[in-house]
1. Compute the signed sum of charges (Lys and Arg +1, Asp and Glu -1) over the other residues within less than 9 Å, Cβ to Cβ, of V153.
2. Using θ = phi - 60° and the Karplus curve 6.51 cos²θ - 1.76 cosθ + 1.60, what whole-Hz ³J(HN,Hα) does each residue of the stretch 93-101 get, with Gly and Pro shown as x?
3. Amide H neighbours of F54 under 5 Å, at least 5 residues apart or on other chains, H built in the peptide plane: list them.
4. Quick one: compute the contact order of the stretch 42-189, relative version, from alpha carbon pairs under 8 angstrom and 6+ residues apart, as a percent.
5. I need the shape label for the stretch 61-153. Rule: rounded when a/c is under 1.5, else prolate if a/b > b/c, else oblate, with a, b, c from the alpha carbon gyration tensor.
6. Using unit Cβ charges (K, R positive; D, E negative) and no other charged atoms, how large, in debye to the nearest 20, is the dipole of the stretch 121-222 about its Cα centre?
7. Using unit Cβ charges (K, R positive; D, E negative) and no other charged atoms, how large, in debye to the nearest 20, is the dipole of the stretch 55-123 about its Cα centre?
8. Take T47, T110 and order them by how many other Cβ atoms sit within 10 Å, fewest up front.
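Just so you know, all these numbers are worked out from the coordinates, no wet-lab data involved. Quick caveat, the model's predicted, so the values are computed rather than measured. Neighbour counts are summed over all protein chains in view; Cβ atoms, including those assigned to glycine, are modelled from backbone coordinates with ideal geometry.
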Amino acid sequence: MGRSTFNLIRQLFRGASPSPIKRDSAPEPKLSHKPKPDIELPPRALTPDEPLAFGYKINWFAVKTSDGQAVAGALALETIRPCNWCVGMECAEQSDKRWVFVSPCCEGWTFAISSTLPHPVDADRNDHTGVHRKSGARFRQVLAALMDVSHEVQFFGSYRVADYAGWARAIDGKIIRVFSWLGESGEVLANEGAQTQEEATLNLVDPGNRTPADACDYLWERDEQLSDEPRLAGEAAPDDPDAPVRKNRLHAFPGEEDVLLLAAAWGPNPRMLSGQPALGLIGQLPPV
């Protein structure tokens, strides 16, 4: 599907019970902020539980540290209090409350998970309201703060409704890679650093050292070229939304499965975490 066809279709159609948990005597994390009395969590939030799988329709930072308080502080979270995985993930998925769940340490990493975390945006095309630019600026602030907490910080995010996919990685105080794509508007929002070997292994087209705008044009050109290439018998079309993960075919635009596969290649697989029952932290992002 060419870019002109995509834009035409977009104009025509644009108008949008928990598992049992184990009890344990793990100590409750120390609070750094006094909770507001008008925001309450259910009593079951204080029952330590094992890690839960996550990764779809959510954003998260993976920070190589066991210090959840430091992660919460870097995010400038408010109304912080202890919380288990089950209730924490329920809150993190609520886009109207600004909740962020800071997990207990898992396999040497602490996760900050929320549908409202800022995401990478360096482009300003089609951003008439300035919402993307605000998120991009806030993302850079948070990433810099987390880089002071740990020598390695990663970001991942996806949201299939808007066809969003993004990731970032910083090691030893240096940003190695930042990329994000918004299929709803058909544009690259960020493209910094060389494509990593793990991205190449997923058969993602390399956007090269281009600005977001130029990378966007290049990926659309490559998508048209790839669409014209003959397919093997039984192989799904490259723009088929129901196609399985395209591990063996080059593709221009990433999807949520690419995000999860990259997360597993860079660090712990968020769909297969292991750990003892414990409590993390729950807090709210400050209003923008």
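1. So the surrounding residues net to +1.
2. Along the stretch 93-101, the couplings run 7, 8, 6, 9, 10, 6, 5, 10, 9 Hz.
3. R271
4. About 24 percent, as a whole number.
5. oblate
6. On the way: 11 positive and 16 negative charges, 57 e Å.
Charge dipole, the stretch 121-222, about its Cα centre: 280 debye, nearest 20.
7. Values: 5 positive and 7 negative charges, 11 e Å.
Once rounded to the nearest 20, the dipole reads 60 debye.
8. T47, T110
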